[in-house]
Amino acid sequence: MNSTIKFFLSFIVLTLPSFLFTTASPTNEEIDVKNELLQLINDHRVRAAVVISIDESDSIGIMKLGEISDSRREPPNENTTVFEIGSITKVFTALLVQTLVDDELLHWDKTISECLPDVEFANEAVATVTLRELATHRSGLPRLPNNFAETAVPAPAMDPYATYGEQNLVAFFESFDPPELKNEYGYSNLGFALLGYIAAKTLEVSYAEAMYQRVFKPLEMNNSSAFDSIDDDTELAAGYSYTANMGVWNFNIHAGAGVIRSTAQDLNKFILANFREVDDAIHRAIRSIRELQNESSHALGWITETSRNDTTVYLHNGQTGGYASFLALDPTAKRGWVILAASTESDAIAKLGSSLYRDIEPSELMDLSPYSGVYSLGANRYMTLSDSYGRLQMQVTGQPPLVLEHVKDHQFKLEALNYSATFEIGEEGVATTLMWSQPGGSIDAKRVDDSYGIATREEVSIDSELLTDYVGKYQLPLNQVATVKRVKDRLFVHVTGQAEVRVFPLSPTRFFFKVADAEIEFEKDEDGKVTGVVFHQAGEFRAPRIDEESN
């Protein structure tokens, strides 16, 4: 029964794309990026995006696409519209620490135990990790602490860092005792969380206050902040993930890894500061963190690539629960690029950003028709595989679509969840069996008739005034409530503890989710009054209306 009401969210909302390019004439690469972003918007993978491109003559090109939110259907503003920038925060954390190094309050080769003398580290090798190793992802620390999911107050699913605080971090290091600590590259959010924590402890202020005083204020990044809370008057682009409205993330002790919210123009100010040969504290620190460390591809907080003109580009991208971002700059050519998006398509956004300064090898087009079809997983559960813009998309009954990456031969994987698929090809060159593996077991799924697969649903036009009748609350099992609300001509469903998801009309009374293989149908009595809703997801379940008194 619980699976009937659980919506497994992946990524994207239907938007009315708009496009503006101001100040500079767009290059061919920028036009390509614009077209790709508009396609992502039309494909429900991005809701809003701002792109800034700076050339060697200080000319600035600005693209503004999509819409800020369902209620504010206008393009985002490069000066005032705020986005979460996710892991781009790491660059600013490194910059913050550099200002402390320059003031001789810290040193990059100081160990974390020297910085935190009150912490009783369980492992001597961990205690001797240096700040430089944290800033270059060479500390050997895991991506996240192993007690991340074991806090006394579990984090909400939509806000995973919210409840992990200082006590949890200290407890981790007082019990973390790995048999070996490999000081080789391994991306670590924990490492930058610790780096930000040490910087704040050193200054005896919060991370947000430290960032404001030492970075945002001197750079006049007036619309940037590192606070978990959001001011009521902040012009925040609504977070977005495949038709779901996503809230902001609260990073708590992990602030140094991803908390910053900013505007495209503020990030543009940061890029321009990298081009100035000014001899003051903040500009000296900016130049210092670009010095390559350990290996040629990493600086302090930065990753580097080589441009199509053989110059060094410094970059970072980011993703949170409803936002994707990209920042890159080329100090030699004095060029820079920013992409901020309301989307969780971080890989696509990063690829578009990189295409602005280097040649991207086109994805190898392969014939996916041998694999496309429907496979039985047993117990009336089926997996539908299809070609989605040149990628193999899978969707299991009642769940959202996910994209598999090609590995080799007839093998595909979903690395983030440790899923894999290997196909057995028959004499006619078409897969007959899908060998599906995931944590906890595997199954040989036989191909079946396509009629068992995910139904193709097409949105129809209805009178938007009908939506008002459906607004209300509906009782679900386990004390959960489905709240239906209308925003202009759009209808949304919010289940307790989950994201608010848009639904699309199949008929005047029946709607479907694009985020999952699910539908809802509103029931009416003889007088035309809505009395409940039936959820269709791997079965049927009726949720009676419980707010009649308030209507």
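The values are calculated or read from the model by the stated rules, or taken from the named source; none is laboratory data. As the structure is a computational prediction, the values presented were derived from the model and not from experiment. As a convention, Cβ positions derive from the backbone with ideal geometry for all residues, glycine included, and neighbour counts pool all protein chains shown. Keep in mind that these areas ignore ligands, DNA and RNA; they rest on the heavy atoms of the full protein, side chains included. Shrake-Rupley method; radii C 1.70, N 1.55, O 1.52, S 1.80 Å.
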For the stretch 417-464, what are the residues that are assigned to a loop (DSSP other than H, G, I, E, B), among the hydrophobic types (A, V, I, L, M, F, W, C) and open to solvent by 40 Å² or more (accessible area, probe 1.4 Å)? 430, 455, 460, 462
What about residue 234, is it open to solvent by 30 Å² or more (accessible area, probe 1.4 Å), of a type in the set (Ser, Thr, Tyr) and not in a helix (DSSP H, G or I)? yes
If a residue must be open to solvent by less than 20 Å² (accessible area, probe 1.4 Å), out of contact with any Lys or Arg (no Cβ under 7 Å at 6 or more places or on another chain) and farther than 25 Å from residue 247 by Cα, how many such residues does the stretch 131-167 contain? 6
The number of residues in the stretch 316-325 that are in a strand (DSSP E or B) and in contact with a Phe, Trp or Tyr (Cβ under 7 Å, 6 or more places away or on another chain) is 3
Filter the stretch 340-398 down to the residues that are assigned to a loop (DSSP other than H, G, I, E, B), of a type in the set (Phe, Trp, Tyr) and open to solvent by less than 40 Å² (accessible area, probe 1.4 Å) and list them by number. 357, 371
Just a yes or no: is a residue in the stretch 104-121 in contact with an Asp or Glu (Cβ under 8 Å, 6 or more places away or on another chain), of a type in the set (Asp, Glu), surrounded by fewer than 24 Cβ atoms within 10 Å (Cβ to Cβ) and touching a residue at least 40 places away in the same chain (Cβ under 8 Å)? yes
Long-range neighbours under 6 Å by Cβ, at least six apart or interchain, first residue within 14 Å of residue 265 (Cβ to Cβ) within the stretch 42-57, second part of a loop (DSSP other than H, G, I, E, B) and modelled with pLDDT of 95 or more: 50/76; 50/78
Quick check on the stretch 262-272. Is at least one of its residues out of contact with any helix residue (DSSP H, G or I) (no Cβ under 9 Å at 6 or more places or on another chain), hydroxyl-bearing (Ser, Thr, Tyr) and outside any helix (DSSP H, G or I)? yes
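When the stretch 40-70 is examined, which residues are found to be part of a helix (DSSP H, G or I) and either modelled with pLDDT of 95 or more or not aliphatic (A, V, I, L, M) (or both)?
So in the stretch 40-70, the residues part of a helix (DSSP H, G or I) come out as 40-42.
The one that is part of a helix (DSSP H, G or I) and either modelled with pLDDT of 95 or more or not aliphatic (A, V, I, L, M) (or both): 42.
Restricting to the stretch 82-125, what's the tally of residues that are assigned to a helix (DSSP H, G or I) and over 30 Å from the mean Cα position of the chain (by Cα)?
Qualifying residue count for the region: 8.
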Out of (1) in contact with an Asp or Glu (Cβ under 8 Å, 6 or more places away or on another chain); (2) under 17 Å from residue 91 (Cα atoms); (3) not basic (Lys, Arg), the odd one out for residue 275 is which? (1)
Residue within the stretch 277-296 that is farther than 26 Å from residue 134 by Cβ, touching a strand residue (DSSP E or B) at 6+ places or on another chain (Cβ under 7 Å) and either of a type in the set (Phe, Trp, Tyr) or not in a helix (DSSP H, G or I) (or both) present: no
All positions within the stretch 250-274 that are on the phi < 0 side of the Ramachandran plot, open to solvent by 20 Å² or more (accessible area, probe 1.4 Å) and of a type outside the set (D, E, K, R): 250, 253, 265, 272
In the stretch 359-403, which residues are at pLDDT 90 or above and of a type in the set (Gly, Ala, Ser)? 369, 372, 373, 376, 386
If I filter the stretch 465-494 down to residues being touching a Ser or Thr at 6+ places or on another chain (Cβ under 6 Å) and in a loop (DSSP other than H, G, I, E, B), which single residue comes out as nearest to residue 547 (Cα to Cα)? 480
Within the stretch 290-323, take every residue that is without any contact (Cβ under 8 Å) to a residue 60 or more places away in the chain and of a type in the set (D, E, K, R) and give me the one that is surrounded by the fewest Cβ atoms within 10 Å (Cβ to Cβ). 310
Flagged in the stretch 399-413 as open to solvent by less than 50 Å² (accessible area, probe 1.4 Å), assigned to a strand (DSSP E or B) and more than 17 Å from residue 444 (Cα to Cα), in numbering order, are 401, 402, 403, 404
